[in-house]
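Bear in mind these aren't lab numbers, they're just calculated from the coordinates by the rules spelled out. Because the structure is a prediction, the values reported are computed rather than measured. Using ideal geometry, Cβ is built from the backbone for each residue, glycine included, and neighbour counts are taken over all protein chains shown.
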Amino acid sequence: MANPLSNRALPLSGPATDIAPVTPDDTNDLPDMAMALYVETGGAISVITARGQTRTVAVADYSILPVAVRRVRAAGTTATGVYALVLA
């Protein structure tokens with residue numbers, strides 16, 4: 001199948017080129033910065049943004065959090081089924 005994205009610059013507005021499961025970690029950044037997060041089971045999610053700010057927000061089940069994230073922190077995160085939408 002031909003890839004319609006192969007000869008184009010990838011826009012930050014999407015679509016993501018991959019979705020990767022996230023294991024929250026207080027020390028290590030994600031392998032690829034997420035352009036957004038998808039959360040299956042809601043709760044609190046604590047992240048370090050692309051700008052290096054620590055933020056904790058409440059999200060509902062099946063939410064998309066449209067913020068660039070370098071790390072999902074274990075401390076403060078109760079949401080589960082977290083996935084990174086990436087442009088890798």
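Listed values for the range 74-80 are Karplus-derived 3J(HN,Hα) couplings in whole Hz (6.51 cos²θ - 1.76 cosθ + 1.60, θ = phi - 60°), namely 6, 5, x, 9, 10, 5, 10, and x replaces Gly and Pro.
Per-residue 3J(HN,Hα) values for the range 19-35, derived from phi via the Karplus relation 6.51 cos²θ - 1.76 cosθ + 1.60 with θ = phi - 60°, read 10, 10, x, 10, 9, x, 8, 7, 10, 9, 6, 5, x, 10, 4, 7, 7 Hz in sequence order (x marks Gly and Pro).
Pick out, in residue order, every one of the trypsin sites (Lys or Arg not before Pro) in the range 11-88 that is DSSP loop and has at most 16 other C-beta atoms within 10 Å; say none if there are none. Write down the numbers at each step before the final one.
Details: sites: ARG51, ARG55, ARG70, ARG71, ARG73; in loops: ARG51.
For trypsin sites (Lys or Arg not before Pro) across the range 11-88 that sit outside H, G, I, E and B with at most 16 neighbouring Cβ atoms in 10 Å, the list reads ARG51.
Considering all different alpha carbon pairs of the range 18-86, the Kirkwood hydrodynamic radius works out to 11.3 Å.
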